[in-house]
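All remarks here apply to the structure that follows.
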Amino acid sequence: MTQEYSASSIKILEGLEAVRKRPAMYIGSTDVRGLHHLVWEVIDNSVDEALAGHCSLIQVTVTSENRIRVQDNGRGIPCDMHESGVSGVEVVMTKLHAGGKFDDNTYKVSAGLHGVGVSCVNALSSELVVHVARNGKLHRQRFVRGEAASPLEILGDTTERGTMVEFQPDGEIFETLVFERHTLASRLRDLAFLNPELNILFTDERLPEDDPLRQEKFHFPGGLEAYVEFLDRKRTCIHPKPIRISSESPIPVDIAMQYNDSYNEVVYSFVNNVHTTDGGTHETGFKAALTRVVNQYAQTKLGGKLKDLSIEGDDAREGLTAVVSVKLAEPQFEGQTKHKLGNSEVKSQV
Ligand code: 0RA
């Protein structure tokens with residue numbers, strides 16, 4: 001590199017060096033899970049643009065060489081010079097924890113669970129190329145193992161807007177470099193159910209041209225209602241439409257639920273689009289409310305006849321399929337894998 005680095009740039013390089021030294025500290029592991037974590041990290045930035053109301057389409061592609069390309073029609077990463085002496089793109093791509101949020105914090109909620117940012121993906125990629133369409137120009141910059149391998153170049157004029165990130169995970173870091181179509185597709189489908197405005201186009205270029213799974217479009221204007229109907233698509237429901245409960249204040253809460261004729265309980269919960277597989281206060285609040293309401297109703301209807309009737313939570317949820325989604329400015333995630341919501345105020349709010 002011929003470029004001279006300022007003190008702050010040196011710190012930036014040390015930052016990404018730490019990510020390569022201890023990748024598990026940033027993305028959990030270097031196995032197939034960690035590999036997919038890279039994709040979630042990049043997509044989170046595009047979803048953040050969508051949550052801020054600036055992005056309606058996210059295209060995710062697995063190339064025939066097992067690279068990942070994520071393209072959105074958001075505002076694009078700022079390309080002008082940042083105070084640190086490099087472009088906004090380079091700051092986002094090389095500065096640890098900068099994430100996508102070094103502007104005036106227009107982001108109400110962030111999708112990121114670990115929120116380590118796209119710079120970690122860059123650090124753990126043998127090559128990453130970013131294209132940004134912004135202010136009428138198409139820009140491009142290339143990175144190798146987290147370091148700029150070209151300046152931010154202007155390729156030409158454009159009327160488009162948005163960001164495209166293509167990366168090759170580093171074989172020196174990851175135990176496997178093969179992405180799982182099903183893992184990617186189901187997360188993208190979830191994101192589309194949780195964000196009804198969003199269009200997600202998923203392409204797996206490893207599949208033959210005529211394979212119907214090569215390209216899937218995920219767009220569900222019905223939101224969580226559509227999600228519950230999807231989850232129950234092979235079951236027989238005992239009432240025609242899912243029950244829908246939504247509220248914007250004090251926090252955005254969105255619930256859809258439907259009973260079917262099975263004995264299974266399926267309750268999925270999300271916080272800021274993150275699947276809380278270990279539940280937490282939002283899920284506890286929902287279950288407590290449901291048990292209480294069912295008991296109250298039973299007492300009103302049958303109270304005289306069944307004085308000591310008490311319906312347990314498990315009974316109230318027999319044959320229930322439900323999705324609970326909340327959006328929080330400052331989620332506290334708990335547990336070993338950070339998949340459990342801890343904010344105590346959320347229980348009563350839900
Ligand atoms: C920083 C500031 C702004 C947008 C972004 C980053 C941004 C990052 C990514 C990563 C993937 N897609 C993205 N889209 C946007 C705000 C820019 C503004 O205020 O116009």
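The values are calculated or read from the model by the stated rules, or taken from the named source; none is laboratory data. No experiment lies behind these values; they were computed from the predicted model shown. Here the Cβ is made from the backbone with ideal geometry for all residues, glycine too, and neighbour counts use every protein chain on show.
Of the residues Leu177, Leu224, Leu207, only one is of a type in the set (A, V, I, L, M, F, W, C) and not in a loop (DSSP other than H, G, I, E, B); which?
One residue alone meets the criteria, Leu224.
Quickly run through region 55-94 and pick out the residues that are assigned to a loop (DSSP other than H, G, I, E, B), in contact (Cβ under 8 Å) with a residue 60 or more places away in the chain and either of a type outside the set (S, T, N, Q) or closer than 14 Å to Pro151 by Cβ (or both).
Cys55, Glu65, Arg67, Gly74, Arg75, Gly76, Ile77, Cys79, Gly85, Val86
Sort out which residues of region 328-344 are closer than 12 Å to Thr284 by Cβ and polar (S, T, N, Q), and write them in order of number.
Hits for region 328-344 are Asn343, Ser344.
Testing Gly76 on (1) modelled with pLDDT under 95; (2) within 13 Å of the ligand (Cβ to nearest atom), one condition comes back false. Which one is that?
Single failed check for Gly76: (1).
Any chance region 36-56 includes a residue that's over 18 Å from the mean Cα position of the chain (by Cα) and surrounded by fewer than 20 Cβ atoms within 10 Å (Cβ to Cβ)?
For region 36-56, residues over 18 Å from the mean Cα position of the chain (by Cα) and surrounded by fewer than 20 Cβ atoms within 10 Å (Cβ to Cβ): absent.
Considering region 278-325 alone, what residues qualify as being of a type in the set (Ser, Thr, Tyr) and either crowded, with 18+ Cβ neighbours inside 10 Å or under 17 Å from Val346 (Cβ atoms) (or both)?
Scanning region 278-325 gives Thr281, Thr284, Thr291, Thr321, Ser325.
Out of the residues in region 189-215 that are over 26 Å from Arg140 (Cα atoms) and hydrophobic (A, V, I, L, M, F, W, C), which is surrounded by the most Cβ atoms within 10 Å (Cβ to Cβ)?
Selected residue: Phe193.
I need a count of the residues in region 127-144 that are in a strand (DSSP E or B) and within 16 Å of Gly156 (Cα to Cα).
The qualifying residues number 10.
Which pairs do you get when a residue that is touching a residue at least 60 places away in the same chain (Cβ under 8 Å) and farther than 13 Å from Val132 by Cβ, found in region 157-183, comes within reach of a residue that is polar (S, T, N, Q) and in a helix (DSSP H, G or I), reach meaning Cβ atoms under 9 angstrom, with the pair 6+ apart or on two chains?
These pairs meet every condition: Phe167/Asn122.
For (1) modelled with pLDDT of 95 or more; (2) more than 29 Å from Thr337 (Cβ to Cβ); (3) among the hydroxyl-bearing types (Ser, Thr, Tyr); (4) touching a His at 6+ places or on another chain (Cβ under 8 Å), each residue gets a yes or a no:
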site: Arg233; (1), (2), (3), (4): yes, no, no, no
site: Asn264; (1), (2), (3), (4): yes, no, no, no
site: Asp278; (1), (2), (3), (4): yes, no, no, yes
site: Thr300; (1), (2), (3), (4): no, yes, yes, no
site: Ser310; (1), (2), (3), (4): no, yes, yes, no
site: Ala316; (1), (2), (3), (4): yes, no, no, no
